[in-house]
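Below is one structure, written out as structure tokens; comments come after it.
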Amino acid sequence: MEATRMIKRLKQYELAVELIQRQARIAVILRETAIPKDLIKATYKELLGRPGNPGPIKESIRGLTHNRRRYKEATLFAKIFRSIETENLQGGIDNVIQAFDFFKISLPTGDLDFTTAWLVARDLRNKQLLMFSCHQCSSPVLIIVGSEKSLERCCVCKTSLKTSL
């Protein structure tokens, strides 16, 4: 029994290091691991040479609609995440990490940070974000539930989505 607890604890530390390497906010690391905040902060500074980003996690990603490039990047990440999530339903945070890493390989100049990717994955799982295909060009479209702004047009062909949903 003691060995099982030790292995579980070791996996939590390993996950914390993986999240720190991806520059996740401290609040995300706290939600995903059982590691004390002070230890996360110290490890962040040790690994990256600077303190981690403190503060609460955004409760909404509606801010993505203010910047078309960020919105497109979030849509690309969401499509990648959905593909991985379909293959591995029990993946949890591992699916988010895998999708984020694949996103960074696919678009190395992308500005999407891990915390925003984590929020997109969370909201897709909670059905606060929905994925549709544009009826005109078949591009994936990320819809923020309850936000009229996200329903305006496809980011690729600019077709109005209000008439197609």
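Given the criteria over 22 Å from Leu15 (Cβ atoms) and of a type outside the set (Lys, Arg), does Gly91 qualify?
Numbers: over 22 Å from Leu15 (Cβ atoms): no; of a type outside the set (Lys, Arg): yes.
No: the conditions fail for Gly91.
Got a number for residues in the range 108-134 being part of a loop (DSSP other than H, G, I, E, B) and exposed (fewer than 15 other Cβ atoms within 10 Å of the Cβ)? Quick ask: steps written out before the conclusion?
From the range 108-134, those part of a loop (DSSP other than H, G, I, E, B) are 108-113, 126-128, 134; that's our starting set.
Going one step further and asking which of them are exposed (fewer than 15 other Cβ atoms within 10 Å of the Cβ), we end up with 108-109, 111, 126-127.
Selection size over the range 108-134: 5.
Any residue in the range 65-75 that is small (Gly, Ala, Ser), modelled with pLDDT under 95 and under 17 Å from the mean Cα position of the chain (by Cα)?
As a first pass, look at the range 65-75 and keep what is small (Gly, Ala, Ser): 74.
Retained after the next criterion (residues that are modelled with pLDDT under 95): 74.
In the following step, the residues that additionally are under 17 Å from the mean Cα position of the chain (by Cα) were identified as 74.
Within the range 65-75, one or more residues are small (Gly, Ala, Ser), modelled with pLDDT under 95 and under 17 Å from the mean Cα position of the chain (by Cα).
Output the number of residues of the range 135-165 satisfying the condition of being at pLDDT 85 or above, of a type in the set (Gly, Ala, Ser) and either exposed (fewer than 15 other Cβ atoms within 10 Å of the Cβ) or out of contact with any strand residue (DSSP E or B) (no Cβ under 8 Å at 6 or more places or on another chain) (or both).
Here the count works out to 1.
Test Lys79 against the stated conditions and say whether it is over 12 Å from the mean Cα position of the chain (by Cα) and open to solvent by 80 Å² or more (accessible area, probe 1.4 Å). Explain how you work it out, then say what you get.
Values: over 12 Å from the mean Cα position of the chain (by Cα): no; open to solvent by 80 Å² or more (accessible area, probe 1.4 Å): yes.
The answer is no for Lys79.
Of everything in the range 10-40, what is more than 20 Å from Asn95 (Cα to Cα) and basic (Lys, Arg)? Give them in sequence order. Before you say what the answer is, go through the steps one by one.
Narrowing the range 10-40 to residues more than 20 Å from Asn95 (Cα to Cα): 35-40.
Across the range 10-40, the qualifying residue is only Lys37.
Tell me whether the range 46-54 contains one or more residues that are aliphatic (A, V, I, L, M), closer than 23 Å to Lys104 by Cα, out of contact with any Lys or Arg (no Cβ under 7 Å at 6 or more places or on another chain) and open to solvent by 50 Å² or more (accessible area, probe 1.4 Å).
Step one: of the range 46-54, the residues aliphatic (A, V, I, L, M) are 47-48.
Still in the list and also closer than 23 Å to Lys104 by Cα: 47-48.
Now drop any that are not out of contact with any Lys or Arg (no Cβ under 7 Å at 6 or more places or on another chain), which leaves 47-48.
Imposing the further condition that a residue be open to solvent by 50 Å² or more (accessible area, probe 1.4 Å) reduces the set to 47-48.
So far as the range 46-54 goes, yes, one or more of its residues are aliphatic (A, V, I, L, M), closer than 23 Å to Lys104 by Cα, out of contact with any Lys or Arg (no Cβ under 7 Å at 6 or more places or on another chain) and open to solvent by 50 Å² or more (accessible area, probe 1.4 Å).
Of the residues Ile29, Ile61, Ile20, Ile57, only one is closer than 16 Å to Val96 by Cβ and either among the aromatic types (Phe, Trp, Tyr) or in contact with a strand residue (DSSP E or B) (Cβ under 9 Å, 6 or more places away or on another chain) (or both); which? Break it down stepwise before answering.
Details: Ile29 fails: either among the aromatic types (Phe, Trp, Tyr) or in contact with a strand residue (DSSP E or B) (Cβ under 9 Å, 6 or more places away or on another chain) (or both); Ile20 fails: either among the aromatic types (Phe, Trp, Tyr) or in contact with a strand residue (DSSP E or B) (Cβ under 9 Å, 6 or more places away or on another chain) (or both); Ile57 fails: either among the aromatic types (Phe, Trp, Tyr) or in contact with a strand residue (DSSP E or B) (Cβ under 9 Å, 6 or more places away or on another chain) (or both).
Ile61 is the lone residue from the list that is closer than 16 Å to Val96 by Cβ and either among the aromatic types (Phe, Trp, Tyr) or in contact with a strand residue (DSSP E or B) (Cβ under 9 Å, 6 or more places away or on another chain) (or both).
Among the residues of the range 1-33 satisfying the criterion of being in a loop (DSSP other than H, G, I, E, B) and in contact (Cβ under 8 Å) with a residue 24 or more places away in the chain, which is least open to solvent (accessible area, probe 1.4 Å)? Lay out the reasoning, then the answer.
Taking the range 1-33 first, the residues in a loop (DSSP other than H, G, I, E, B) are 1, 22-25, 33.
Now narrow it down to the ones that are in contact (Cβ under 8 Å) with a residue 24 or more places away in the chain: 22-25.
Working: Arg22: 50, Gln23: 94, Ala24: 0, Arg25: 65 Å².
Ranking the qualifying residues of the range 1-33, first place goes to Ala24.
Residue pairs, Cβ under 9 Å, 6 or more apart or interchain, first in the range 43-65 and more than 15 Å from Asp113 (Cα to Cα), second at pLDDT below 85 and open to solvent by 80 Å² or more (accessible area, probe 1.4 Å). List them.
Going by the 9 Å Cβ cut-off, the qualifying pairs are Arg62/Lys149; Thr65/Lys149; Thr65/Glu152.
Does Ile93 satisfy the condition of being under 14 Å from the mean Cα position of the chain (by Cα) and in contact (Cβ under 8 Å) with a residue 60 or more places away in the chain? Full working, then the answer.
Working: under 14 Å from the mean Cα position of the chain (by Cα): yes; in contact (Cβ under 8 Å) with a residue 60 or more places away in the chain: yes.
Against the criterion (under 14 Å from the mean Cα position of the chain (by Cα) and in contact (Cβ under 8 Å) with a residue 60 or more places away in the chain), Ile93 qualifies.
Any residue in the range 87-105 that is closer than 22 Å to His66 by Cβ, open to solvent by 30 Å² or more (accessible area, probe 1.4 Å) and part of a helix (DSSP H, G or I)?
Keep residues of the range 87-105 that are closer than 22 Å to His66 by Cβ, which gives 100, 103.
Subsequent filtering for residues that are open to solvent by 30 Å² or more (accessible area, probe 1.4 Å) retains none.
No: the range 87-105 contains no residue that is closer than 22 Å to His66 by Cβ, open to solvent by 30 Å² or more (accessible area, probe 1.4 Å) and part of a helix (DSSP H, G or I).
The values are calculated or read from the model by the stated rules, or taken from the named source; none is laboratory data. Treat the numbers as computed from the prediction; the structure is a model and nothing was measured. A quick note on method: Cβ atoms are made from the backbone with ideal geometry, for glycine too, and the neighbour counts reach across all protein chains shown. With ligands, DNA and RNA removed, areas are computed over all heavy atoms of the protein, side chains included. Shrake-Rupley method; radii C 1.70, N 1.55, O 1.52, S 1.80 Å.
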